[in-house]
Amino acid sequence: MAALYLHIPFCERKCSYCDFYSIESLKYIEPFVATLHREIALRAASATNAPITSIFFGGGTPSLLEPDHISSLLSSLRSSWNVQPDVEITMECNPGTVSAASLEGYRAAGVNRLSFGVQSFHENELAFLQRIHSAHDAVEAMRLARMVGFDNVNMDLMFALPPQTLASFAASLARMIELEPDHISAYSLIYEHGTPLYAQLKKGLVTPHAEELDAEMYAMAITTLTQAGYRQYEVSNFAKAGRECRHNLTYWHAQDHWAFGPSAHGRLGNMRYCNQRSLTAWTKSVEQGTLPQATVEVLDNQQQLEEFVFLHLRADGIPLDVVRQRFGIDILAALQPHLTFWIDAGMVDVSTGRLSLTGEGYRVCDDITLRVLELLDYSTRIASAIRIDDARRAG
Ligand code: SF4
């Protein structure tokens, strides 16, 4: 299985915390779409017969594109990739940019999953983030999505916002659950370098929450969403049964994904690439007939192992057999005695053939991941030292 990602680099207005690449000059949308078709044609040379089970329009704000743009881009992709009849096609939408007509148009174009960046149901928190929409817009967007027939909708929610309290976050969670999205992504605010919010932080104009409050909000999200029937299947992601995001799973299972558009990241086998970040540089490269890649990296065996373990651990667990067959490592042995401690503490489960985190484990995912990577690094060094020693003796 494999996936396709298209980065749409336009937003009506930049949010204060966002470091995704996008610009506010919407007049470039038409030429951008034309260039995106050309990049698709260039990358078609690397297309394989792998079944494409997910296509994702991310950004930026893909809902600034017309339904005809989406339809023509999907046709281009279908002509070169093995797009499956039941492919999941997701489109990120800003609730402030959609109407019944546009949503109907996207659905007719083939989009079958929407992802709304809701973030909060409190106007002061939305204003802090400099979102262009109100809480009412988010409710209305969901109503319209259901009305035109979307039965697979995600909503994003943020916590650890400086104006937020435990009570206001609990109210946002409750409001979101009332709207019955099929999938919820709940993220902690990150102060990304280079954003206006980061500059405010450096000037002392905003005060981040204490780590304990951040952790308390995260714990509240896990408990509340789980009780409401959403299964946590990754650190930040919760889904109703059968509504896990296929696209996310492609990333977390380290499967191939072709990526198009400025700043988009792709992965094919052991090769990773990142496109030129700026629209200008990306356009120039594509128009010259060259792949618009800023960086290309080929992962060695150790890097592939680390990436495989890191991604699976954050999601639905590390498949023990696959690691043994592909990398020659008995992961349960390599992680002792820490593993026994994590299992006894209720943070890790190994009863299903996978080493997976429990709700308790997700709360300390970063700590466990770091320790797992350290232990694996240690055990692969030992294994390689033994191999070298054996080879010397044999020689
Ligand atoms: S709408 Fe989304 S992509 Fe655009 S600036 Fe805001 S968070 Fe970033």
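The values are calculated or read from the model by the stated rules, or taken from the named source; none is laboratory data. Bear in mind that the values here come from a model prediction, so they are computed numbers and not experimental data. All Cβ positions, even for glycine, are placed from backbone atoms using ideal geometry, and neighbour counts span all protein chains on display.
Values for this structure:
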read-out	value
Cβ pairs under 7 Å, 6+ apart, first in the stretch 127-142 and more than 13 Å from M155 (Cα to Cα) and among the acidic types (D, E), second surrounded by fewer than 19 Cβ atoms within 10 Å (Cβ to Cβ) and modelled with pLDDT of 95 or more	none
Selection status of L213, more than 22 Å from the chain's Cα centre (by Cα) and either of a type in the set (G, A, S) or part of a helix (DSSP H, G or I) (or both)	yes
Search result, residues across the stretch 108-127 that are within 16 Å of the ligand (Cβ to nearest atom) and surrounded by fewer than 20 Cβ atoms within 10 Å (Cβ to Cβ)	A127
Every pair of residues 6+ apart whose Cβ atoms lie under 6 Å, when the first sits in the stretch 248-259 and is closer than 7 Å to A2 by Cβ while the second is among the hydroxyl-bearing types (S, T, Y) and modelled with pLDDT under 95	H257/T250
Evaluation of R272 against (1) outside the structural domain of V33 (by TED's automatic domain parsing); (2) surrounded by fewer than 16 Cβ atoms within 10 Å (Cβ to Cβ) (one fails), failing number	(2)
Matching residues in the stretch 1-49 - criterion: being away from the ligand (no atom under 16 Å from the Cβ), within 23 Å of the chain's Cα centre (by Cα) and part of a loop (DSSP other than H, G, I, E, B)	M1, A47
Leading residue by the ranking (nearest to M271 (Cα to Cα)) among those in the stretch 216-252 that are more than 11 Å from the chain's Cα centre (by Cα) and among the acidic types (D, E)	E244
Leading residue by the ranking (nearest to K14 (Cα to Cα)) among those in the stretch 192-210 that are in a loop (DSSP other than H, G, I, E, B) and under 23 Å from the mean Cα position of the chain (by Cα)	T195
Every residue from the stretch 317-357 that is part of a loop (DSSP other than H, G, I, E, B) and surrounded by 16 or more Cβ atoms within 10 Å (Cβ to Cβ)	G317, I329, L335, M347, V350
Every residue from the stretch 20-44 that is farther than 25 Å from E88 by Cβ and either of a type in the set (V, I, T) or surrounded by fewer than 15 Cβ atoms within 10 Å (Cβ to Cβ) (or both)	I23, E24, S25, L26, K27, E30, P31, A34, T35
